[in-house]
Amino acid sequence: MGIQTFLKLPLCLTPEDLRAGSVDVAIGGVPWDGTATTRSGTHLGPQAIRSCDHLPSPPYERPHLHVRVDPLQHLTVCDYGDAEVIIASPERTYANARSLRR
């Protein structure tokens, strides 16, 4: 089955990967529940989203319900992995999440 990725899209892990693939949109996760008052499990969200998509095998088709345009046919999209979470350091975690925008 391989690595689970968002919408079964290719995985890119570095800015060089993004440039080499001429990627238009990179989807990244932030597996963190540091702002919750209890351990709510929100840190499991990115992986849960990756594991529960129901996109069929290629060709991938998922037109927007309102505008009827399939962005995957017009944009090069990839999964960019997750930002590193630094326990007990919201500032460093935010910085890592922002760095996904490279």
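Quick one: in segment 70-85, which of the residues that are in a strand (DSSP E or B) and of a type in the set (A, V, I, L, M, F, W, C) is nearest to the chain's Cα centre (by Cα)?
First, pick out the residues of segment 70-85 that are in a strand (DSSP E or B): 77-82.
Imposing the further condition that a residue be of a type in the set (A, V, I, L, M, F, W, C) reduces the set to 77-78.
Values: VAL77: 10, CYS78: 8 Å.
Applying the filter and picking the extreme gives CYS78.
Pairs needed: first member in segment 65-78, within 28 Å of LEU13 (Cα to Cα); second member anywhere, open to solvent by 70 Å² or more (accessible area, probe 1.4 Å) and of a type in the set (Ser, Thr, Tyr); C-beta distance under 7 Å; at least 6 residues apart or different chains.
Close Cβ pairs satisfying both conditions: THR76/SER22.
Out of segment 48-102, which residues are of a type in the set (Ser, Thr, Tyr), under 26 Å from TRP32 (Cβ atoms) and at pLDDT below 85? Can you show your working first?
Keep residues of segment 48-102 that are of a type in the set (Ser, Thr, Tyr), which gives 51, 57, 60, 76, 80, 89, 93-94, 99.
When the remaining residues are screened for being under 26 Å from TRP32 (Cβ atoms), the result is 51, 80, 89, 93-94, 99.
The answer is SER99, and nothing else.
Starting from segment 3-29, take each residue that is in contact (Cβ under 8 Å) with a residue 40 or more places away in the chain and closer than 15 Å to THR76 by Cβ and list its partners that are of a type in the set (S, T, N, Q) and not in a helix (DSSP H, G or I), counting only C-beta distances under 6 angstrom and pairs at least six apart or across chains.
From residues that are in contact (Cβ under 8 Å) with a residue 40 or more places away in the chain and closer than 15 Å to THR76 by Cβ, the pairs are LEU11/THR5; SER22/THR76; VAL23/THR76; ASP24/THR76.
The values are calculated or read from the model by the stated rules, or taken from the named source; none is laboratory data. Owing to the predicted nature of the structure, the values given are computational and were not obtained by experimental measurement. In this analysis, Cβ positions are derived from the backbone assuming ideal geometry, glycine residues included, and neighbour counts consider all displayed protein chains. For accessibility, only protein heavy atoms count, side chains too; no ligands or nucleic acids. Shrake-Rupley method; radii C 1.70, N 1.55, O 1.52, S 1.80 Å.
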